[in-house]
Amino acid sequence: MIDFITFCNYAGTFAFAISGIRLASAKQFDWFGAYVVGVVTAIGGGTVRDILLNATPFWMEEPAYLIVSAFALLFVIAFRKYVIKLNNTFFIFDAIGLGLFVVSGIDKTLNFGFPIWVAIVMGMVTGSFGGMIRDILINEVPLIFRKDIYALTCVLGGFVYYICMKLSVSILVTQLVTAVTVLAARLIAVKYHISVPVLKGDE
């Protein structure tokens, strides 16, 4: 049996890799290019987090993450008629990966002895920076900088994690509630068109 954080890492990697590969396919990338985009999407946020924590990037110690990303590519190839054509496929996998990686980022930061406010920031970095690098690679304005509520859902998840800690909720329940909160917040924000006001220049 694997623990929930390990599950978050692997499942989040698979989900984020699929979201990246799906977008790469829309840009007519070849298989290798799509794999690279998928890998960057999956490990980008965690890599930035680990560098900031002065730790060896996780994928350099566990090649399984690169293998999981390869399985994501095979998944998209095998089910491309469904994955590539459905507009909501990218959003669903991206939202799932976001929630799982926020939990992973917070947990690892706390294990390194940093305070909760740093953990909340690192949860946001883990969840959103891979997607930001992905969007830059495929020549899109990063989703995190658009009006859609994206990174803020990570912050919300961090606060939920903190509240659960203060209430002495078990760690597994805390992690589950945090992941579900991020996922639900992202779904609700998109469904009801909740967004951050756009900063406009002088007209």
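The values are calculated or read from the model by the stated rules, or taken from the named source; none is laboratory data. Computed from a predicted model, the values in this text were never measured in an experiment. When we count neighbours, we look across all protein chains shown, and the Cβ atoms used for this are built from the backbone with ideal geometry, even at glycine. Side chains are part of the model used for accessible areas, which takes the heavy atoms of the whole protein and leaves out ligands, DNA and RNA. Shrake-Rupley method; radii C 1.70, N 1.55, O 1.52, S 1.80 Å.
Within the stretch 166-197, the residues that satisfy the criterion of being open to solvent by less than 90 Å² (accessible area, probe 1.4 Å) and more than 17 Å from residue 98 (Cβ to Cβ) are 169, 170, 172, 173, 174. Only one entry of 41, 6, 13, 47 meets the criterion of being under 25 Å from residue 114 (Cα atoms), buried (at least 23 other Cβ atoms within 10 Å of the Cβ), hydroxyl-bearing (Ser, Thr, Tyr) and within 18 Å of the chain's Cα centre (by Cα), and that entry is 13.
Applying the set (1) surrounded by fewer than 20 Cβ atoms within 10 Å (Cβ to Cβ); (2) at pLDDT 95 or above to residue 26 leaves exactly one unmet item: (2).
Residues that are in contact (Cβ under 8 Å) with a residue 60 or more places away in the chain, over 24 Å from residue 3 (Cβ atoms), out of contact with any Asp or Glu (no Cβ under 7 Å at 6 or more places or on another chain) and not β-branched (Val, Ile, Thr): does the stretch 76-91 have at least one? Taking every residue of the stretch 76-91 in turn, at least one turns out to be in contact (Cβ under 8 Å) with a residue 60 or more places away in the chain, over 24 Å from residue 3 (Cβ atoms), out of contact with any Asp or Glu (no Cβ under 7 Å at 6 or more places or on another chain) and not β-branched (Val, Ile, Thr).
Entry remark, the stretch 125-152: residues being in a helix (DSSP H, G or I) and under 30 Å from residue 28 (Cα atoms) number 17 in total. If you go through the stretch 71-85 one residue at a time, do you hit one that is closer than 23 Å to residue 191 by Cα, over 13 Å from the mean Cα position of the chain (by Cα) and surrounded by fewer than 14 Cβ atoms within 10 Å (Cβ to Cβ)? There is at least one residue in the stretch 71-85 that is closer than 23 Å to residue 191 by Cα, over 13 Å from the mean Cα position of the chain (by Cα) and surrounded by fewer than 14 Cβ atoms within 10 Å (Cβ to Cβ). Please go through the stretch 163-183 and give me each residue that is in a helix (DSSP H, G or I) and over 18 Å from residue 4 (Cβ atoms), ordered by number. If the condition is that a residue be in a helix (DSSP H, G or I) and over 18 Å from residue 4 (Cβ atoms), then 163, 166 are the ones that fit. The set of residues in the stretch 29-60 being under 15 Å from residue 74 (Cβ atoms), aromatic (Phe, Trp, Tyr) and in contact (Cβ under 8 Å) with a residue 24 or more places away in the chain consists of 31, 35. Among the residues making up the stretch 164-195, those that are in contact with an Asp or Glu (Cβ under 9 Å, 6 or more places away or on another chain), more than 18 Å from residue 151 (Cβ to Cβ) and aliphatic (A, V, I, L, M) are 171, 172. Taking each residue of the stretch 175-201 that is without any contact (Cβ under 8 Å) to a residue 12 or more places away in the chain and looking for partners that are surrounded by 12 or more Cβ atoms within 10 Å (Cβ to Cβ) with beta-carbon atoms closer than 8 Å, six or more apart or interchain, yields 188/194.
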